[in-house]
Amino acid sequence: MTRMTRHLALWMLLGLAILASQSAMAQKLPDFTTLVEDAAPAVVNISTSREVETRSMPFGQFGGQELPDIFKHFFGERFGDQMPMPPGAHGRSEERRSLGSGFIISEDGYIMTNAHVVKGADEILVRLNDSRELEAELVGADSKTDVAVLKVDADNLPTLTLGNSEDLKVGQWVAAIGSPFGLDHSVTSGIISAINRTLPRDVYVPFIQTDVAINPGNSGGPLFNLDGEVIGINSQIFTRSGGYMGLSFAIPIDVAMDVADQLRDDGSVSRGWLGVMIQPVSRELADSFGMDKPEGALVADLDPEGPAARDGLKAGDVILEVNGQTVDQSSTLPRLVGSVSPGEDVDLAVLRNGERQTVTVTVGDWPDAQSGSGSSDDSTPARLGLAVQPLTDGQHDEAIENGVRVVEVDPRGVAADAGIRAGDILVSIGEHVVESPEQLGELIDELPEDRSLPVRLYRNGHSYYVALRLSQE
């Protein structure tokens, strides 16, 4: 055998080895075809509409012409709607539509989606896989977990099998079906890149983080494991451009179904409440408490009328466990307590004065608990996303004479956006002094929308202002 023949034989063997390796790798990659064929009929497209008042420029405002293209290029087609209304301008009614996804969980027409997909909708339309369009009723929505339940008038609908999100592992394959940018039944796949992820404004949800391509319109759609079981509801993306950037977040199906069951049965969601203001345990604080590492949630303050104060929890306690479940960081505590039904006892393992001990607390209900369907009175402080109490005698000092104490702040509400925290004393809004929770409710009912107002707060012995804006949402 000549040298050239030997080299040719070696190259052929190498090529065959590469092909065999590629074939073996291809065989190990998951095949989603059966999953998609079985699941797609139960995935739906959701569109919503609502009537809003928009601003319209009078003829001649721009020399009798339409908005110049240069403004549209930099500010978008809605630039005119964002401008202050000049003298002579008029309002007009316009229908705005949003697109999202959902999936059927019962043959008689119950559908799961995200709360933000149907927020503020006057009409909800569900388009099925067979092209039927059905008007849907909002059974209930919970903004804290971003879960909503819809109902359509139909029978014998295809449904999806629900899995168990407690068994998830980082690295396992998952797939999503939804309507990104309104394109029905688009399929993407990837892996779970993290579990139990807490996001800044979503303290009640231990998100599933994936690298599945999720875009606007996927919200509310299902996330599947390889067995075709729903393990989550696609809810959020991390993006700087408005499109997919490799990080997407899904609500675990166990969390979502607990909320959905309450919405279907009661029309509202109850979650446990301790009545504490907490902060993270830094390395410096951990050293000062004699802890080996930073962990737990430090109780900075308590509602004097709340369950924790009543049952013996104290400021300075570090909560390490809730019913045996570790509080690895402060953001974990609201989720663990929130999963407990009001009226039930929880055993809190706390570090107090360098010693570990157990405090049993009968949890209460969130002070602003309200109907998940949005039928509650919007004139209450819950419209701001907070709950308040009258000041007790011990909470007054020389610097303030009036106000109400903020007990809880919804991390997704406008109060949180403004920087208001639990424990703050809300002294005034605009030129109006706040005297009681009842008077605050009346005041909020009269606040203008889409306009910032100065809010005076009193915190830690100091007074300062934040800007509060009520949106039209």
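Values in this text are rule-based calculations from the coordinates and carry no lab data. Just so it is clear, the structure is predicted and the values come from calculations on it, not from any experiment. Here the Cβ is made from the backbone with ideal geometry for all residues, glycine too, and neighbour counts use every protein chain on show.
So what does log10 I(q)/I(0) come out to for region 399-473 at q = 0.20, 0.27, 0.28 Å⁻¹, using the Debye formula with one equal point on every Cα and no solvent? After summing over all Cα pairs, the log10 values are -0.85, -1.58, -1.66. Report the normalised scattering of region 176-278 as log10 I(q)/I(0) at q = 0.13, 0.20, 0.25 Å⁻¹, calculated by the Debye formula with identical scatterers on the alpha carbons. Values, matching the q order: -0.51, -1.04, -1.37. A Stokes-Einstein calculation at 20 °C with viscosity 1.002 mPa s, built on the Kirkwood radius of region 250-313 over Cα pairs, returns a diffusion coefficient of 146 µm²/s. Each peptide among 214-224, 162-172 gets the average number of other Cβ atoms lying within 10 Å of its residues, and from highest to lowest they stand as 214-224, 162-172. A simple packing score, the average count of other Cβ atoms within 10 Å per residue, orders the peptides 122-135, 264-277 as 264-277, 122-135, with the highest score first. Taking amide H as placed 1.01 Å from N in the peptide plane, the amide H of Ala194 sits under 5 Å from that of Gln209, each at least 5 places away or on another chain. Taking θ as phi - 60° and the Karplus parameters 6.51, -1.76 and 1.60, the scalar couplings of region 284-290 work out to 5, 5, 4, 4, 5, 8, x Hz in sequence order, x denoting glycine and proline. Here the Karplus curve 6.51 cos²θ - 1.76 cosθ + 1.60, taken at θ = phi - 60°, turns the phi angles of region 337-344 into couplings of 6, x, 7, 8, 6, x, x, 8 Hz, with x standing for Gly and Pro. Along each principal axis, taking the top coordinate minus the bottom one, the Cα set of region 96-146 gives 32, 27, 15 Å in descending order.
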